[in-house]
Amino acid sequence: MSERDSKQGNWGRPRDDRRGPPLLRLPDRELRVIPERWMPRGEVETQWAGRPLMVWQGIPGEKALVKVEHQGLNQILGRWVGSPEPHPHRVEPVCDKYTTCGGCPLMHLDAHGQADARRQLVRAGLDQAGLSDVRVGEFHKSPGTLREFRHIIKVAVGYADSGRIRVGAWGRRNRHVIPIPDCHVATPGLRKVMAAFAHHVIDMNIHPFDAVTGQGVLRVAVMRASRSTGEVLVTLVAGRHVRELDELAERLASSATNVAGVWLHINDGPGNAIFTRGDSGVVGVTPLVGKPTIDEVQNGISYKVGSGDFFQTNPALAEILSARTIEALRLEPGNAFVDLYCGVGGLALQGARVSGWALGVEEVDGAVARAKEAARFNKIQAEFTTGKVEDVLPEIAKRLAGRSPILSVNPARRGLEPGVVEAIVALKPRRIAYISCNPRAMGRDLALFREAGFEIGEVEMFDMFPNTAHVECLVILEGAPDTGDARRGPQRRLVGASSKT
Ligand SMILES: C[S@@+](CC[C@H](N)C(=O)[O-])C[C@H]1O[C@@H](n2cnc3c(N)ncnc32)[C@H](O)[C@@H]1O
């Protein structure tokens, strides 16, 4: 036994770390380990007989008794069942579906422990990209408690083992549907709509869609609540449009009075993606009942959000993030402000209020339409262009030549597409706010910006997704000293005018 094993009473790795012949079947055994690090999905990892062991409900550095749940060729999956010396930040998860649902993997930690976990994940993302010198700074808390912050929820339709129709969340590490009527993180308004939806789907006997056989109808409902008005927009995602869906929409709108509108998206494809794009690249939605959009207000600016548009799930913290981004960018009147991946125009319009003008780029044409409408409604000078950032950047470069623009860049989880960093650098931006919900993709992109000569500031974290391992990060990149005349700004065009509409 190694010195470490004897000191720790054999907690930790088995002595032989080399990957050996297939392990004896483990599932009925309890392993004694000390997990080492957080993984991006909120499990903790250690090694067992040369294979990664992923532990649900574990905490790095805490001795853990782990029940093996699945033994694969490349990894072992387990669940924490006890500890002789519980970690000081360990708490009892408040939700009785914590283990089966899997939506809140860090609910076994208090707020301090959760913040530590996210800090470690951000640190790991930077270190992995060779950015060990970049500091991880302030952690901006989610306003209020760690509960009822979530304004978007996906409610799946499936079968229970008995064959009865079930409505709820997909299970931890599987696609079983778990009823979650008391979901602690959804807003009370969303819970009301979730309950009505579950009731009507079961009452009307609407079967889940099976992509393999083409049988059944409904896959999931995506529900989005407005923090400002309490209204909820529902998008039903179904394999086909049958008459029952129109009736379901009617029933939902009349029984849950906070439902503003119900839309339908058809997805009959294989795989687990919720939305699919048609040949035109657009996510098609059809109105069933009610209004097409809900209203949101952020930092005094009104927005419209439609079915399929991106809008942050934690609007109270998103408001703090936008204000902090505008402040950190040190925008001034006359600056050329460009918001890439702009969604419904949140940051673009808040920035344009200071600079006097902004240009937003977004690939979802409905979101661009909403952004233009918001610019008109709020009487803010801004243009919005529909298109993929990677395609639109060369055209923007021509318009902004010599003007050292100020940028905000907020890509999807995968980070920037190949070639986008180079195209951004070609704009000669004087300053960039890079916003990301994926520390690994962020590390990769920041390393490219550093290579191109940008100075990387401190990473600030925003607790956008309490109880999960995800965190939103903001970092300011400083370009080379000014060469252009940013105060001139680009040639103004009419509000709402766009190069592609
Ligand atoms: C993380 S969201 C940010 C939206 C917005 N900044 C906000 O905070 O509300 C990313 C946005 O980028 C859009 N998007 C994803 N890939 C894109 C691409 N290649 N070009 C343009 N927009 C894209 C998505 O539709 C989504 O609206």
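Read-outs throughout are calculated quantities, based only on the coordinates presented, and are distinct from any laboratory measurement. Note that this is a predicted model, so its numbers are computed, not measured. As a convention, Cβ positions derive from the backbone with ideal geometry for all residues, glycine included, and neighbour counts pool all protein chains shown.
Tabulated data
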{"item": "Pairs with Cβ under 8 Å, 6+ apart, first in the range 183-198 and at positive phi and of a type in the set (Phe, Trp, Tyr), second in a helix (DSSP H, G or I) and crowded, with 21+ Cβ neighbours inside 10 Å", "result": "none"}
{"item": "Residue tally, condition of a type in the set (Asp, Glu) and in contact with a helix residue (DSSP H, G or I) (Cβ under 7 Å, 6 or more places away or on another chain), over the range 128-154", "result": "1"}
{"item": "Test: residue in the range 448-471 that is in a helix (DSSP H, G or I), within 14 Å of the ligand (Cβ to nearest atom) and crowded, with 18+ Cβ neighbours inside 10 Å", "result": "no"}
{"item": "Residue satisfying condition, being within 20 Å of residue 309 (Cα to Cα) and either within 14 Å of the ligand (Cβ to nearest atom) or hydroxyl-bearing (Ser, Thr, Tyr) (or both), within set 374, 433, 423, 441", "result": "374"}
{"item": "Flag for residue 366 being within 30 Å of residue 276 (Cβ to Cβ), more than 9 Å from the ligand (Cβ to nearest atom), touching a residue at least 60 places away in the same chain (Cβ under 8 Å) and surrounded by fewer than 23 Cβ atoms within 10 Å (Cβ to Cβ)", "result": "yes"}
{"item": "Residue within the range 308-321 that is among the hydroxyl-bearing types (Ser, Thr, Tyr) and either under 22 Å from residue 424 (Cα atoms) or within 8 Å of the ligand (Cβ to nearest atom) (or both) present", "result": "no"}
{"item": "Among residues of the range 291-310, those that are over 19 Å from residue 220 (Cα atoms) and in contact with a helix residue (DSSP H, G or I) (Cβ under 8 Å, 6 or more places away or on another chain), counted", "result": "9"}
{"item": "Complete set of residues in the range 392-418 that are surrounded by 15 or more Cβ atoms within 10 Å (Cβ to Cβ), outside any strand (DSSP E or B) and either within 11 Å of the ligand (Cβ to nearest atom) or not aliphatic (A, V, I, L, M) (or both)", "result": "392, 393, 399, 403, 404, 405, 410, 411, 415, 416"}
{"item": "Subset of the range 350-363 [within 22 Å of the chain's Cα centre (by Cα) and either more than 10 Å from the ligand (Cβ to nearest atom) or assigned to a loop (DSSP other than H, G, I, E, B) (or both)]", "result": "350, 363"}
{"item": "Any strands (runs of 3 or more DSSP E) falling wholly within the range 235-318 and containing at least 2 residues that are charged (D, E, K, R)", "result": "293-298"}
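Residue-wise test of (1) assigned to a strand (DSSP E or B); (2) within 22 Å of the chain's Cα centre (by Cα); (3) crowded, with 20+ Cβ neighbours inside 10 Å.
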residue	(1), (2), (3)
119	no, yes, no
134	no, no, yes
144	no, yes, no
158	yes, no, yes
169	yes, yes, yes
172	no, yes, yes
183	no, yes, yes
195	no, no, no
202	no, no, no
